[in-house]
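Enquirer: Questions regarding the structure given below will be posed in turn.
The values are calculated or read from the model by the stated rules, or taken from the named source; none is laboratory data. Keep in mind that what you see is a predicted model, and the values were worked out from it rather than measured. Every residue, glycine as well, gets a Cβ built from its backbone with ideal geometry; the counts of neighbours run over all protein chains shown.
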Amino acid sequence: MRDTLRILLCSRVFPPNIGGIETVSAILAEQWANFGIDVAVVTETPGEQTSKQYEIVRQPSTGRLRNLARHADLIFQNNISLRTLLPLLPSRKPIVIAHQGMLRRADNTRGWREYLKCSMLPLCRNVAVSNAVAQALPVKSTVIFNPFDSREFAPPRSEERPQDLVFLGRLVSDKGCDLLLRALSLLKQDAVYPSATIIGDGPDMSALREQTAKLGLMDQVTFKGSIREGRGAEVAQHKIMVVPSIWAEPFGVVALEGLAAGCAVVSSNTGGLPDAVGPCGLLFPGGDARALAQAIRELLDRPSLREKLASESVGHLKRFRPEVIARQYLDVFTAALKA
């Protein structure tokens, strides 16, 4: 691979937005720049030039997009987007797509957009971010897991964890925060009263607050809203991270973040979450509030189990460090450029 490799990274969403795809795109861009690679990022997210290591082109015109492609050796799409893929296909540059989803709608069917995207995949190199995504794609793919932010979510300096449970994510129905509240209600019936911190914001905030009040959980549940800086330190104040997703998460970076902050993890067994959790947490059937409550109680009652899971996470997390994942992508890029 040439020392002057030029990568055009297409990421529909990007910081300052907060989310999984945004985080992964920023991590990869930074890592490749650290390797001495020339990286340009194109995104639909408005904002400023926030990096001194690589160029960020926000909301480019089609002409600007094609010009950037002419100067690139390879095009990388972090999640497929017709907005950038269609204009770039004629560039004849190798295109690698990291699939952060299963190319299906919420009802598990495919509409015309999904079929159009599927029709283009044989023209590209395809990467799946989990084994579940690889199984769902209609073409052969290489599995490369997502990285986590190893600076924000680092081992805590103190093992004191005054809080019990933490949820981190967008407050939308798919993420299952309401399921956590129902599990807390079930535990309350058994005279178990763990504290729970909800970090995140979204359209379901009001409904979740109402549900908390209705279930009589106001003394146990704290809504923190979105936290842009210091999320890792906040998560590290808790014993257990709960990832109660209802839908089949393509991967689940949030589980890695919980593990990196030293939490034990309780997660639904949907989609790519088992890949992220590995041997470091307890899985429960997605949507089952009683099973979730039982898993939470088991970890609360057994500090030795929490310690065992934490010890397993040390080796597990090495596979997801930014520099490791970035180099795995470079191997795919090398093969694409040689084809």
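Enquirer: Working carefully through the options Ala261, Ala293, Ala276, Ala326, find the one that is in contact (Cβ under 8 Å) with a residue 12 or more places away in the chain, touching a helix residue (DSSP H, G or I) at 6+ places or on another chain (Cβ under 6 Å), crowded, with 18+ Cβ neighbours inside 10 Å and in the same structural domain as Asn79 (by TED's automatic domain parsing).
Expert: None of the other options fit; the residue is Ala326.
Enquirer: Restricting to the range 95-112, give me the number of residues that are of a type in the set (D, E, K, R) and within 30 Å of Thr334 (Cα to Cα).
Expert: 1
Enquirer: I've got another one for you. Could you please find all residues in the range 1-48 being closer than 30 Å to Val172 by Cα, among the polar types (S, T, N, Q) and in a loop (DSSP other than H, G, I, E, B)?
Expert: Listed by number, the residues that qualify are Ser11, Asn17, Thr45.
Enquirer: Something else: Among the numbered conditions (1) crowded, with 18+ Cβ neighbours inside 10 Å; (2) in the same structural domain as Ala29 (by TED's automatic domain parsing); (3) within 19 Å of the chain's Cα centre (by Cα), tell me where Val332 comes up short.
Expert: Condition not satisfied by Val332: (3).
Enquirer: Can you confirm whether Val324 is assigned to a helix (DSSP H, G or I), over 24 Å from Leu184 (Cα atoms) and either within 15 Å of the chain's Cα centre (by Cα) or of a type outside the set (Gly, Ala, Ser) (or both)?
Expert: Yes; evaluated as a whole, the condition is true for this residue.
Enquirer: Any idea which of Glu210, Glu249 is surrounded by fewer than 24 Cβ atoms within 10 Å (Cβ to Cβ) and of a type outside the set (A, V, I, L, M, F, W, C)?
Expert: Criteria check complete, one pass: Glu210.
Enquirer: Mind listing just one residue for me: the one in the range 121-151 that is of a type in the set (D, E, K, R) and surrounded by fewer than 18 Cβ atoms within 10 Å (Cβ to Cβ) and, of those, modelled with the highest pLDDT?
Expert: Filtering the range 121-151 for residues that are of a type in the set (D, E, K, R) and surrounded by fewer than 18 Cβ atoms within 10 Å (Cβ to Cβ), the one modelled with the highest pLDDT comes out as Lys140.
Enquirer: Now for a separate question. Against the condition under 20 Å from Ile21 (Cβ atoms) and either of a type outside the set (Gly, Ala, Ser) or not assigned by TED's automatic domain parsing to the domain that holds Phe14 (or both), how does Leu171 come out, does it pass?
Expert: Values: under 20 Å from Ile21 (Cβ atoms): yes; either of a type outside the set (Gly, Ala, Ser) or not assigned by TED's automatic domain parsing to the domain that holds Phe14 (or both): yes.
Against the criterion (under 20 Å from Ile21 (Cβ atoms) and either of a type outside the set (Gly, Ala, Ser) or not assigned by TED's automatic domain parsing to the domain that holds Phe14 (or both)), Leu171 qualifies.
Enquirer: Please state which one of Ser130, Ser195 is small (Gly, Ala, Ser) and either more than 18 Å from the chain's Cα centre (by Cα) or closer than 20 Å to Leu299 by Cα (or both).
Expert: Ser195
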